[in-house]
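Trainee: Sharing a structure, written as structure tokens. Questions coming.
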Amino acid sequence: MPAEVHLFKCLRDNYGVLLHDPAKGATASIDAPEAGPVEAALREKKWRLTDILVTHHHADHTGGIAELKARHTCRVTAPQREAQRIPAVDATVREGDFVTIGSLVGRVLETPGHTAGHISYWFKSENLAFVGDTLFSVGCGRLLEGTADVMWPSLLKLRGLPPETEVYCGHEYTAANVNFALTIEPKNPALRSRADEVVKLCEAGRPTIPSTIGSEQQTNPFLRADLPEVATAVGLADASPVQVFAAVRARKDKF
């Protein structure tokens, strides 16, 4: 039986995500921005919370962990490098480790840059990736605890996943990201098509995620920093991809 994913809003612009294995009845919350919306989602779906998979230590991703664990006695899995900054951790993981949610198996990818120990979870057989704040739809996370040299390899790691992989990120930032991306590649047909799609989704009150790796490869300027057209757009035609990525990130920070 295929995995089921349920997406819902938390806080101001966070997304909560439940990953459910119907074969075993196990359910994981991907991060836990706040307890209330997670509880409501569990009641709506009539699922039992067995796990919390944490991507990074920021409070808007961990604020509901303690309350949820106290109520459900679920297992909390967190990045090894950030476990001391995350409440109620039961297990720590690093690059290449695997997590199991019932019969679902996910691989841990270390994707630092936004935070020093950020991780993502890739469920290969399900074509699902939960990327926290490393990669957004048509965007990427700010370099709060890392540098461009750290973040660029993380983005390449995610870019290299199969194109059909569905990408679930931690925030609804797509409309703003598209507006910025069009300043870098205004003639990119895939980006313009994505921009039209995002307008329609927002007008309908629908989420703009999940995206796919294939879509991000075509539209996300942060994943395209090694392409000549992006380098030229930021006046760095002869620069390295890391330098181009840094320039794009700096422009977005001021956008």
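Laboratory data are not the source of any read-out in this text; all were calculated from the coordinates shown. Just so it is clear, the structure is predicted and the values come from calculations on it, not from any experiment. Backbone-built Cβ (ideal geometry, glycine too); neighbour counts: all protein chains shown.
Trainee: Cut-off is 10 Å between beta-carbons; in what order do F8, F255 appear when sorted fewest neighbours first?
Mentor: F255, F8
Trainee: Can you tell me the 0 to 90 degree angle between the C-alpha axis of helix 189-203 and the longest principal axis of the chain, rounded to 10?
Mentor: 50 degrees
Trainee: Ranked from highest to lowest mean number of other Cβ atoms within 10 Å per residue, what is the order of the peptides 18-27, 130-139?
Mentor: Most protected by this proxy first, the peptides run 130-139, 18-27.
Trainee: Under 5 Å between amide hydrogens, which residues at least 5 positions from L128 or on another chain qualify, with H placed 1.01 Å from N in the peptide plane?
Mentor: The list, which skips near neighbours in sequence, is F123, E166.
Trainee: Nearest 10 degrees is fine. How inclined is helix 241-254 to the longest principal axis of the chain, computing both from alpha carbons?
Mentor: Approximately 80 degrees, to the nearest 10.
Trainee: Beta carbons within 10 angstrom, averaged per residue: use that to sort the peptides 57-63, 85-91, highest first.
Mentor: For the peptides 57-63, 85-91, the packing ranking is 57-63, 85-91.
Trainee: Answer rounded, prolate or oblate for region 63-135, using the Cα gyration tensor with square roots of eigenvalues a ≥ b ≥ c: rounded when a/c is under 1.5, else prolate when a/b is larger than b/c, else oblate.
Mentor: Oblate, because a/c is 1.5 or more while a/b does not exceed b/c.
Trainee: With angles folded into 0 to 90 degrees, how steeply does helix 35-45 sit against the dominant principal axis of the chain? Use alpha carbons for both and round to 10.
Mentor: Between the helix axis and the principal axis of the chain, the angle is about 80 degrees.
Trainee: So for each of 42-51, 114-123 I average, over its residues, the number of other beta carbons within 10 Å; can you give me the resulting order with the highest mean first?
Mentor: Ranking the peptides 42-51, 114-123 by packing returns 114-123, 42-51.
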